[in-house]
Each structure stands twice: as structure tokens, then as C-alpha cells.
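Report on the following structure.
The values are calculated or read from the model by the stated rules, or taken from the named source; none is laboratory data. All values reported here derive from a predicted model rather than from experimental measurement. With ideal geometry, Cβ positions are generated from the backbone for all residues, glycine too; neighbour counts draw on all protein chains shown. In case anyone asks, the SASA skips ligands and DNA or RNA and just uses the protein heavy atoms, side chains included. Shrake-Rupley method; radii C 1.70, N 1.55, O 1.52, S 1.80 Å.
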Amino acid sequence: MSSLPVSGAFNDGLIAELYESYRRDPASVDESWRQFFRLAETLGAQGPAAAGVDASLLRKTAAAASLLGAIQRYGHLAVQLDPLGTPPPGAAELKPEFHGITDAELAQVPASALGDDDGTAADVVQRMRDVYCTTIAYEFEHLGDEDERAWFKKTIESGEATAPLSDDEKRLLLNRLTEVDGLERFLGKAYVGVKRFSIEGVDALVPMLDESIERAARGGTKHIVIGMAHRGRLNVLTHVMGKPYRVLFGEFEGHHADTNAESDTGDVKYHMGYDGSRDVPDVGTIDIQLVPNPSHLEIVNPVVAGVARARQRVKGGRPNQRDEASVLPIVIHGDASFAGEGIVPETLNISLLRGYCVGGSLHIIANNQVGFTTDPIDARSTHYASDPAKGYDIPIVHVNADDAESCLQAVRLGIAYRQRFNKDFLIDLVGYRRHGHNEADQPAFTQPTMYKVVAEHPSPRAVFGARLVRERVMTEDDVATADASLLERLNAIYQAMKKERSAPDASNTDDALVPQPASSKVDTAVRAEKLVSLNEQLLGWPSTFKLHPTLQRTIPRRRDALNNGAIDWGHAEALAFASLIADGTSVRLTGQDAERGTFSHRQAVVHDVDTGETFTPMANLPGATGAFEVYNSPLSEMAVLGFEYGFSIAAPDELVLWEAQYGDFANVAQPIFDQFISAGRAKWRQESGLVMLLPHGYEGQGPEHSSARLERFLQLSADDNMCIAYPSTPAQYFHILRRQALRRPRRPLVLMQPKSLLRMPNAASKLQQLTSGKFEPVMDDPTASANRDQVQRLVFCTAKMYYDLTAGERPANIAIVRVEELAPWPRAQVSEIVDQYPNVEEVVWAQEEPKNMGAWAYAQPRLRASIGTVTTLRYIGRPERASPAEGYKATHDEEQGRIVKDALTYSPASRKKAGAAR
Ligand SMILES: Cc1ncc(C[n+]2csc(CCOP(=O)(O)OP(=O)(O)O)c2C)c(N)n1
């Protein structure tokens, strides 16, 4: 059988040969040939060949078909995308000769041979060129799903999604471009050289957002979530979000919304978010949210997706029910950043995963063909900036930003695609940047030739205005008047603002987000009967379900654990989650292998060993009013943590947790910690209750995974921005999880989780510790109450170190205190405990990490403040090191042994000696 498809052959002899074969046995040729010969036969093509078809006509038809296929596939390479005039690269495949046919021969083939009913193949080719090679450049051939490709062909070729705008729509579009352009020019004159990251050159972005919002709203969307960088943001804030010009001008004057707390340190105007709304005729009010973002380009992308996912939850619906149509995420990218930043593919990769999908995002690359001063040739290895999206099965259209009408058509196609397939869609809006990277920057230093062209190039508004004049939709006067009256309006608002001289209205301030100090007054204990009953429910799975033999043996131990004081880490966590879910607080947990837990301690989702079927007891608690979601995340930290952060800010009623596979991998997500988790509240009044579980084990396994880099988080803590805790017992873990879910206002919670504690019998908790008490920020030495007077040295440490220090004999003059909550530092509780030891001569901070890591640098001044100046304060631990832990087990054991010994050896003499030595 020939494996050659029709489009692969253009010679009469071969066609005749294949036709012979087809007649003998249709199965001997490729399906495309079968279709082709069937069509030729139904057309009644006759010829001299014995085969009974006109081989020459067939050849021409095949060539024409091949050319049409190439136009669909490569037509985008012929579209004039650059408003500044760089010609498109074109492609040899777009020429008839490439397919062994001439223009004259095309005219000899009836259109009917190609399944068209109008004219000749030459006419069909022209119509296809008009569709694929003229204004919008389509890339959909890479899509894996045949239905999607067929939908594109049909929608594009029928002109369904790309109908021309009516005259009224064109006039409205010109007005919008006038506002976009007018605002930038006004700001440029009123505030010369002040940074605004003007939109000029990709002005169509604003009407594209208008169109997206309206189209989506007509399809049932109630909420739009937008993420974007600095470029064009001021224009989007005013025109799309509805931020008043007066407020924006005030910000240029240095005014900003009132801050309500000292810790509320704010941010620059082109990073600010906004909650706006818009009335869409015949639909109603649509909420539009612009998510604040830091300078880090593209990093907001997963946050936007997380916000969208949380907002898609159906209130009062089934657990985990979502309405994807109700919320549309729109993400605006830069051309250099889309191609260059790893967070882009990371976020695209989660777009179709069950734990993260949002029913498709609309992406727009505001492509100004330069990244700061870097040309595309140095910025990417691909032809288009959008090419990374191809690997994620995302359709792409490129459009010339000066062709405002096509820009709107591209949006219509994108929204129609999302509504049909619930997937991402990308528009590459190719424009330019009228000024430098910012308005104080000189672009001609580095792009001299480009900026000569830019200087001569009319604005998108002028280009569109001239077109409307040519089309007689508007007169030149109309176009000029629209501009003049806008500038007049802006000027009037500006003058009024100047006169007011007061701070602008802070009406966008959400009082609920005004920072308040964290309160710890919540009841985290749970009645015993309730825990016993939940425990039983968690141990129930369908009777036909066959667990792995090990789990069959170990999981039921949780039944007895409540009676025999053997509640371990995973068990305490399960009881905390179940008690919350039972009472209506939903729990969402993600992370690499989070369903099972890296160390097999969770087993939240069990698998039938015969069928592979899964069952999640926590999601099936009878009568529970909260939902449970647990997902194994893809191998990503930055996108996944960004997503969960976004989810947590938009789902204040849920307990949201992310678990690192090992705590040190959290540093792959460092910008999410630095820019969002620790600073989001201070910059943007963003409140998050996200929990980060950081397992690790300082057990001699080498430099990685020993430390969860506690020092990093402590260094970021200030202004009551987050809680950093190191619980030492399952009961403490139980209480802090419940506190986190119930306490208001919310703060992110970083939890250190030493792996050795997960199943340590010494650490296990009793039921009674869950049914009473609360999370204790500091835990006094439980053995010290009888001999407090004898204690001369107080050792402060965290959980894992505590068990190392208490594993053997302990002298009576030493007591060991665990600091369970490091930030905010429990100063009063620490002082109270110190006061209970009247004869203490020395306080020690003991840690396993090197001196330049762990909690020492953070704890030292705080301990000092808690213990006063009389008592000596000393460090016992590893010396300063470049690497967090030894690479060899024997060295680790030796060093750890030395630390334990040092910490447990105290006599006034040893104190003098140690003091002299250090
Ligand atoms: C992660 C990150 N690295 C570097 C920068 C510094 N920076 C600011 S804008 C810019 C160029 C961005 O180019 P592009 O993505 O094309 O957007 P444009 O500014 O041209 O609109 C750079 C490198 C940044 N903001 N974020």
C-alpha cells in the first residue's frame, strides 16, 4: 500500500499508477488517495488513460489541493504582521510552483474538484489566501484534536468569527483608540519623563479587552480576572477597570489611597491591582479584577489562574463544583518575557490538569518586538514569541496591532474557541513601542533604525482614523474633533484635580483587607466523640475495595491509636482536616505526590490493588458540609505555589495547603515567597491563609533535603506578615492547622516538618491532646517542673533538635524549651518561661543547621530581648558553612553528637571555658 498522501505527489505517471492500484484494491492506497479517486470518479473525469480518469486533471487537482493545504498551514508566514513594515518571511510552499502547478493551470481546474462550488481552483486559492495570508495569521495545525482543527477551518473559512465590523462598531472602536492614545499623550505632556510604561504601539489591547469582556459576558461569564505587567497598565486601569482619571492623575502628583497601618507600605502605580465592574447591555454587571503584580515579569500568571479557579467554585453547589464559564482569566504577556521566562511554560503546563484547569485562559502577547533593549534575535530561538504555546496544544493567532478591526476579530475567535473547547487561546498582537522601555529611556541608543521608522509612523488611532475616512465611515473632521474633545475633557479633569489638592478618593479600598493584627483566639480543640466518629469514617472504604497488604495492615492501626496515645503526624493531619470539613471549611491540598505523601504518611487517596481504582475517604465523609480536594501536582514549584497563593487570596473560607516534596525545593519558587507570600499584604493588602508544608530531614543524607532553609522564611518575616512554625507533636500540628483555618485575619503559614518526627513514638500524641488545649507557641520542658531551682542552663531549640537532645540522659541543671512558633516571635511566652527558672545562668540556642542558617540569626536578638541582659546567651550548633549539611553520614553523626553533648554539658567552669574559646 502506498503511504504517500495526495499532497505528496504531483506527477501524472504516479497518479495513473496509483489509480490502477486503487482499482484493483482500494485498500492498497492511502485514505487521502481513496477520497481523491472517489471524488474524481464522481466528477466523471474522463481521459485517455485506461484507468478512466484524466490523469492530468487529477495531477492538477492534487497539486491545487496540496497548495490549499499549504496555505492553511503556512499562510501565517505571509501575513503582514509588523506595523513598521518588515515584510513577512513568506514560504516556498505558498507558491503554486512548489506544488508542480502554475497559475494558468489552477484556472483549468474546476472548483468543484476541490469540493468548492464557485469558479476554478484559482478562485478557491485566492479566497483561501484572503482568509489565511492577509490580515490574521492563524496557527492551529499543531492542535492534537481533529475536532478542534476542523472547527478552526470551518469557523475561519466561513467568516463566522471574523465578520467585518459594522460602521457603528468602527466608530466606537475609533473613539476607544482616541481615548487610549489621548490619555498617553496627555500624561506624556503633563508629566514629562515620568515612568508610565505607555501602551502606545499596541493600543488595540484596550478595545481587545473590551471585546473579550463583552463577548465572554454574553456567553455567561460574570467575572473577569486579568493579569498583566507594567506595559499599558495605566491605560487598562482607567479604560478597562474604570479607575477614574482623577485618581490616576492624583497618583502622578504623589497622592495615594490612605493607608491604614504602618505595615501597609504600598506599591508603585503600575503594579497596582484594581477591582472594577462594567455594565454589559442586556447582560448585567460584570466584575473585573486586575490582579496586582510585582516587577517580575510573567510571575503573576499562575496567581491569576489560581484566583480564577477559586472564583469558579459554585457557592452552595456540590463539593468541588465549579462553573468554568462564569470566570474568564485574561493574561497579557510581553514578547521577550513570554519567550524567555520559565514560569510561562510552567503555567501553560498546568492549564489542562484536573487540579488546576480553569476552562481556558485568553492570552495576549503585547508584542512590541523588543525586550527593554534586546532584539528578538537575542531573545529567543524561535520564529514567533508565541511559539512555546504550541507545545501545549494552544491555538495561536498573530495580528497586526495597527489593524484594529482584525484585532477584535481575533478576540472573537478566541472567546468562541474557549466557549467551545474550554482551553487556552493565544493572540500575538504585533505592534511596536513608541517610546523607550520607559519614558525616560532613549531607545535610539540601541534600536536606531527601528526608532527612525517609529518616529515617522502614525499612531494606531491615526491609522484606523485614516481608514475610516477612506471607507467614508467618518470624515477627517470627525476624527480630529474626537481627539480634540477628549484632550479637552482630560484637561478639565486634570485642572479640577489640581484645584482639589486633596488626596484622591480611596473608594477602591476594601475595608475587609485593611491589615489587622493576627488574633489567636479560636477554639481548636474538638470533642472526643466527634473525633472518634470521624476517625471511623476515615477508615471506611467500599467493601469491594482491596487495599495494598501493607496499608491493609497499617491504616487500621489508626483505629486503636485514639485509645493508646499513638496518634502520629499523618493521623493528626487527617483528623484536623476531617473536623474542618465536617463543619463546613473546605480543604485543598496539592504538591508533588501529595495524595500519598512523599513519605507515605498521608495516604489520602487509596488505590485498589487489583483494579487501580481510587478512593478518597476524606472526600466522602457522610454529612460533611465542606469539600476536600487533594491533587498530586506536576513537577513544578513556582507555578504551583503561585497558583495556590492565587487560590488562597480568592478563597478566604478554605484551608489551602501546598506541600513541597522536600522543603529545600521551595527555593525554586522563591519569587512567590519574596514577592507575594511575604509582601503581598504590605504592598497590596492581599490576604492569604496559604499553608506551606516543608518536610526535610537533618539525618546525614547530604546537603540537600537536610534543611528546609528556615532562615529564608525568618528573614522575610516582619510586620506580622506570616507565621513560621515548627510543631514538635502531632497534637501541635492538629491545633495549628485548625487555628489556621479558623483564625481571622488570615496570614500565610510556613510549617517546618522534620521527616523523622512523622512516625516517632516519642512524638506521638494522645486523643486528649486534641480534645483540649490549643497550639502552644513555646513548650516548656515537661520534666522540669520538679527541679526548676536546679536549672542553670536553659536550652532553646526547635522540634527535631528537641528529640535529639532528649533521647538520652539529661543533667538536672539543664532544661530544654521548644520554640514552636518562631514568627511572630512569642516574646511574652519566652519571657514567662525564663522567669520560672530563678537560677538560670545561661541561655543557649541549639540548632543542627550551620550558624549562618537555621533560626540563630533571627532568634538571637529576640531571645536577648526576652531574657534581659544579665543572663549569658550562647550558640551551640554547627559553625558557619557554605553548604547546609555534611555529605557523609559519619561526619554528620559525629557533628550532631558533638552538638548534643555540648548542649547537655554545663557547669560554671565549662561556661568560662566555652566563653573563652568562642
Ligand atoms: C523576571 C524579570 N527579569 C527582568 C526584568 C527587567 N525587565 C523589565 S521590562 C524588561 C523587558 C521586557 O520585555 P517584554 O517582555 O518584551 O515587555 P515590554 O517591556 O517590551 O513590554 C525587562 C528585562 C523583569 N521586570 N522581570
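Tabulated results
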| item | result |
| --- | --- |
| Cα→Cβ-extended label distance, 7 Å offset, between residue 554 and residue 901, nm | 3.5 nm |
| Dipole axis of the range 273-355 (+1 Lys, Arg; -1 Asp, Glu on Cβ), positive-most option in 353, 286, 301 | 353 |
| Stokes-Einstein D (µm²/s) once Rh is taken as the Kirkwood radius of the chain over alpha-carbon pairs, at 4 °C in 1.567 mPa s | 41 µm²/s |
| Inter-site label distance for residue 865 and residue 523 at 7 Å from Cα along Cβ, in nm | 3.4 nm |
| Given 60/153; 170/195; 800/851; 800/889, the pairs whose alpha carbons are separated by over 27 Å | 170/195 |
| Per residue accessible area in Å² of the chain, where ligands, DNA and RNA are left out and the probe is 1.4 Å | 40 Å² |
| Length released on extending from residue 496 to residue 353, taking residue separation times 0.36 nm less the Cα-Cα span | 46.4 nm |
| Spin-label proximity, residue 667 to the range 837-861 - amide N less than 20 Å from point 7 Å beyond Cα toward beta carbon | 847-859 |
| Two-site FRET efficiency, residue 478 against residue 372, from Cβ-Cβ distance with R₀ of 56 Å, rounded to 0.05 | 0.90 |
| Cα gyration tensor shape of the range 107-212, rounded if a/c is under 1.5, else prolate or oblate by comparing a/b with b/c | prolate |
| Considering only the chain, percent of DSSP beta bridges that pair antiparallel, nearest 5 | 25 percent |
| Helix 31-42 axis, angle to the chain major axis (alpha carbon atoms, nearest 10°) | 30 degrees |
| Label zone at residue 485 (point 7 Å along Cα-to-Cβ), backbone N below 15 Å, the range 173-197 | 173-179 |
| Furthest towards positive pole of dipole, 372, 150, 276, structure part the chain, Cβ charges | 276 |
| Length released on extending from residue 600 to residue 279, taking residue separation times 0.36 nm less the Cα-Cα span | 110.4 nm |
| Within the range 577-597: backbone nitrogen closer than 18 Å to the residue 321 label point (7 Å, Cα to C-beta) | 584-587 |
| Length gained when the stretch residue 530-residue 218 is fully extended (0.36 nm per residue, less Cα-Cα span) | 107.6 nm |
| Peptides ranked, highest mean first, by Cβ atoms within 10 Å: ranges 198-204, 24-30 | 198-204, 24-30 |
| On Cα atoms only, tilt of 404-421 relative to the major axis of the chain in degrees | 60 degrees |
| On Cα atoms only, tilt of 476-500 relative to the major axis of the chain in degrees | 20 degrees |
| Simple label model, 7 Å out from Cα along Cβ direction - residue 393 to residue 790, nm | 7.0 nm |
| Ordering of 727-737, 792-802, 276-286, 771-781 by packing [mean C-beta count within 10 Å, highest first] | 727-737, 792-802, 771-781, 276-286 |
| Signed unit charges on C-beta, dipole axis of the range 817-909, positive-most listed residue 904, 867, 838 | 867 |
| The chain, helix-only ellipticity at 222 nm - DSSP H runs n ≥ 4, -39,500 (n - 2.57), divided by all residues, nearest 500 | -11500 deg cm²/dmol |
| Sites residue 141 and residue 38, calculated FRET efficiency, Cβ-Cβ separation with R0 22 Å, nearest 0.05 | 0.35 |
